[in-house]
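The block underneath contains the structure these notes are about, expressed in structure tokens.
The values are calculated or read from the model by the stated rules, or taken from the named source; none is laboratory data. Here the structure is a predicted model, which is why all the values come from computation and not from measurement. Note that we place each Cβ from the backbone using ideal geometry, even for glycine, and neighbour counts take in every protein chain shown.
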Amino acid sequence: MRQIVLPGDLIATNPKVAGFGTYVENGKVYSKILGLLDKTETSVRVIPLKGRYIPSIGDVVVGIVREVSGNGWSVDIYSPYQAFLPLSENPEVKPNKKPNDILDIGDAIIAKVLNIDPKMKVTLTMKDKVCRPIRFGRIVFINPARVPRVIGKKGSMIKLLKSELGIQIIVGQNGLIWISGDRRKVSIGEEAIYVIEEEAHTDGLTDRVTEFIKRRKSDVGIE
Amino acid sequence: MSELNEKLNEKEKIQLIFGDKRLDGRKFDELRNIKIEAGILKRADGSCYLEMGKNIVVAAVYGPREVHPRHLQDPSKAVIRYRYNMAPFSVEERKRPGPDRRSVEISKVSREALEAVIMKELFPRSGIDIFVEVLQADAGSRTACLNAASVALVDAGVPMKGMITSIAVAKADGVMVLDPMKEEDNYGEADIPFAFLIRGRKIESIALLQMDGRVTKDELKEAFRLAKKGAMEIYKLQKEAIMKKYVSESVENG
């Protein structure tokens, strides 16, 4: 098991190896967040255990429309910063359609982070094939620090969920996950995601999740 | 005037030191019992329950999140808001609810202590809100609150340079004593709360230092020595509390 580090813990003495979750002062590397230490010869980083989602360019996120204005939509992406989706970045916009006919307050969308300016003004785009307005399915909210575990190494965990259950899943980097498909299977998928979130940093997680899905499937009575 | 003198004389009558022991049987450099529990509030991003002797405090951290009202936003860094509040039932005589001169001042100095460790510049235009409620007070509640706030901030995953650990030293019957309780605070000659920034298991700098009453230079040095010793003990407990929460999470699940 990896060692847990707290902010201010000295984790390396070579500033060249400093990675995510660390900071350098006087040539020493300290942890700046609570997390798990991942130390190799060439790099040292801290895997966060908690914390808000901080947007970065290219992330796929699930958001809720909070405001409709003449030039676009304000979208809540569950981060410290509200995002903005301009009309020009939504391919559904047609000259004869009003913005609130396309997306209204409370609608959920899957979008991509297009740009973040130095003032942390976040711009979204829906010009991508994973992006879509969400009209059906279910949204599950988890701790954004656990998102990499739900995806797994090179998408292994998410592939497992999809193939075992035959459902559609899109993971937003902000911790919101959209699932759609057969209702009973979606419920199992949701439970499985909560299992992953709870047990995120334990060994043999993939095996346990596989077993969990099999057990739940036989409980419900689907093959 | 004679009435005041009488009161002063009455004050001096209380004996606080008995040989090498204090009123409650502690040694001069002994802390009160401390109990810390992290992550007790479900709806907060980070939280902490802390008992320090008869002090009971609860801290909650929200954020980084959007700041309202908007004009308080800072385009270059996060704003930190700290609220120290005493519950009306926290003291013997009912305290009138709401902020007063004392709690506003404590909130300000505590906020400034925490601002020195939180990496505000990572979250421009956002805000981090820290709320600390005193449920039961028995001297040194500002130090208890800072300790709780520090644990809650770590629990919330807020990036920080290190941990804040806080402890008070008092002068009672001419002796410097660590972590004073109510009697020593009320009838003692001086009260000096400290807060330290602890980094890499060492005390790095002082984040807060107040004093009421008067001490000599040597006494202040002695106070500093005691406070450093006490702070390291508290730091260990703070660390344990956080470890306990996150280790138990992974242990109970296999």
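Among the residues making up the stretch B:54-103, those that are in contact (Cβ under 8 Å) with a residue 40 or more places away in the chain, within 22 Å of B:L153 (Cα to Cα), out of contact with any Lys or Arg (no Cβ under 8 Å at 6 or more places or on another chain) and small (G, A, S) are B:A59, B:A60, B:S76. Give the residues of the stretch A:74-127 that are within 22 Å of A:Y53 (Cα to Cα) and in contact with a helix residue (DSSP H, G or I) (Cβ under 7 Å, 6 or more places away or on another chain), sorted by residue number. Residues satisfying the conditions are A:L114, A:L124, A:T125, A:M126. When the stretch A:81-97 is limited to residues that are in contact with a strand residue (DSSP E or B) (Cβ under 7 Å, 6 or more places away or on another chain) and without any contact (Cβ under 8 Å) to a residue 40 or more places away in the chain, the one that is surrounded by the most Cβ atoms within 10 Å (Cβ to Cβ) turns out to be A:E89.
Residues checked against (1) under 30 Å from B:E121 (Cα atoms); (2) modelled with pLDDT of 95 or more; (3) surrounded by fewer than 17 Cβ atoms within 10 Å (Cβ to Cβ):
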residue: A:P99; (1), (2), (3): no, no, no
residue: A:L103; (1), (2), (3): no, no, no
residue: A:I110; (1), (2), (3): yes, yes, no
residue: A:I116; (1), (2), (3): yes, no, no
residue: A:K119; (1), (2), (3): yes, no, yes
residue: A:F136; (1), (2), (3): no, no, yes
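Only residues that are more than 9 Å from chain B (Cβ to nearest Cβ) and assigned to a strand (DSSP E or B) were counted in the stretch A:19-30, giving 3. Of all the listed residues (A:I193, A:I169), the sole one being at pLDDT 90 or above and either within 14 Å of another protein chain (Cβ to nearest Cβ) or farther than 24 Å from B:K245 by Cβ (or both) is A:I169. Among the residues of the stretch B:211-233, which ones are surrounded by 13 or more Cβ atoms within 10 Å (Cβ to Cβ) and either within 14 Å of chain A (Cβ to nearest Cβ) or in a strand (DSSP E or B) (or both)? B:A231, B:M232, listed by residue number.
Restricting attention to the stretch A:36-79, the residues that are part of a loop (DSSP other than H, G, I, E, B) and more than 12 Å from chain B (Cβ to nearest Cβ) add up to 10. Once the stretch A:190-208 is narrowed to residues that are surrounded by 21 or more Cβ atoms within 10 Å (Cβ to Cβ) and in contact (Cβ under 8 Å) with a residue 40 or more places away in the chain, the residue that is nearest to A:D107 (Cα to Cα) is A:I193.
Which of the residues that make up the stretch B:55-77 are in contact with a helix residue (DSSP H, G or I) (Cβ under 9 Å, 6 or more places away or on another chain) and either at pLDDT 95 or above or β-branched (V, I, T) (or both)?
B:N55, B:I56, B:V57, B:V58, B:A59, B:A60, B:V61
Looking only at the stretch B:226-247, decide whether some residue is in contact with a Gly (Cβ under 9 Å, 6 or more places away or on another chain) and among the charged types (D, E, K, R). Yes - at least one qualifying residue is present in the stretch B:226-247. Since A:L124 meets every condition but one in (1) under 21 Å from the mean Cα position of the chain (by Cα); (2) within 14 Å of chain B (Cβ to nearest Cβ); (3) in a strand (DSSP E or B), which condition does it not meet? Among (1) under 21 Å from the mean Cα position of the chain (by Cα); (2) within 14 Å of chain B (Cβ to nearest Cβ); (3) in a strand (DSSP E or B), A:L124 violates only (2). Among the residues of the stretch B:161-170, are any without any contact (Cβ under 8 Å) to a residue 60 or more places away in the chain, among the small types (G, A, S) and within 14 Å of chain A (Cβ to nearest Cβ)? Looking for residues that are without any contact (Cβ under 8 Å) to a residue 60 or more places away in the chain, among the small types (G, A, S) and within 14 Å of chain A (Cβ to nearest Cβ), one finds at least one in the stretch B:161-170, hence yes.
Checked against (1) within 14 Å of chain B (Cβ to nearest Cβ); (2) surrounded by fewer than 16 Cβ atoms within 10 Å (Cβ to Cβ); (3) closer than 24 Å to A:V195 by Cα, A:N174 passes all but condition (2).
If you go through the stretch A:32-57 and keep only what is in contact with a strand residue (DSSP E or B) (Cβ under 6 Å, 6 or more places away or on another chain) and small (G, A, S), you end up with just A:G35. Taking the numbered list (1) away from every other protein chain (no Cβ under 12 Å); (2) crowded, with 18+ Cβ neighbours inside 10 Å; (3) part of a loop (DSSP other than H, G, I, E, B) in turn, B:P99 passes all entries but (2). A single member of B:S107, B:S150 is touching a Phe, Trp or Tyr at 6+ places or on another chain (Cβ under 6 Å) and within 28 Å of B:A170 (Cβ to Cβ), and it is B:S107. State the number of residues belonging to the stretch A:1-18 that are surrounded by fewer than 16 Cβ atoms within 10 Å (Cβ to Cβ) and either facing chain B (nearest Cβ under 7 Å) or of a type outside the set (S, T, Y) (or both). So the count comes out to 7.
Could you go through the stretch B:191-209 and let me know if any residue there is part of a helix (DSSP H, G or I) and more than 30 Å from A:A12 (Cβ to Cβ). Among the residues of the stretch B:191-209, not one is part of a helix (DSSP H, G or I) and more than 30 Å from A:A12 (Cβ to Cβ), which makes the answer no.
Answer yes or no: is there a residue in the stretch B:119-129 that is assigned to a strand (DSSP E or B), within 13 Å of the chain's Cα centre (by Cα) and aliphatic (A, V, I, L, M). Scanning the stretch B:119-129, I find no residue that is assigned to a strand (DSSP E or B), within 13 Å of the chain's Cα centre (by Cα) and aliphatic (A, V, I, L, M), so the answer is no. Yes or no: the stretch B:171-192 includes at least one residue that is at pLDDT 95 or above and surrounded by fewer than 19 Cβ atoms within 10 Å (Cβ to Cβ). Among the residues of the stretch B:171-192, not one is at pLDDT 95 or above and surrounded by fewer than 19 Cβ atoms within 10 Å (Cβ to Cβ), which makes the answer no. Scanning the stretch B:73-98 for residues that are closer than 28 Å to A:P80 by Cα and charged (D, E, K, R) turns up B:D74, B:K77, B:R81, B:R83.
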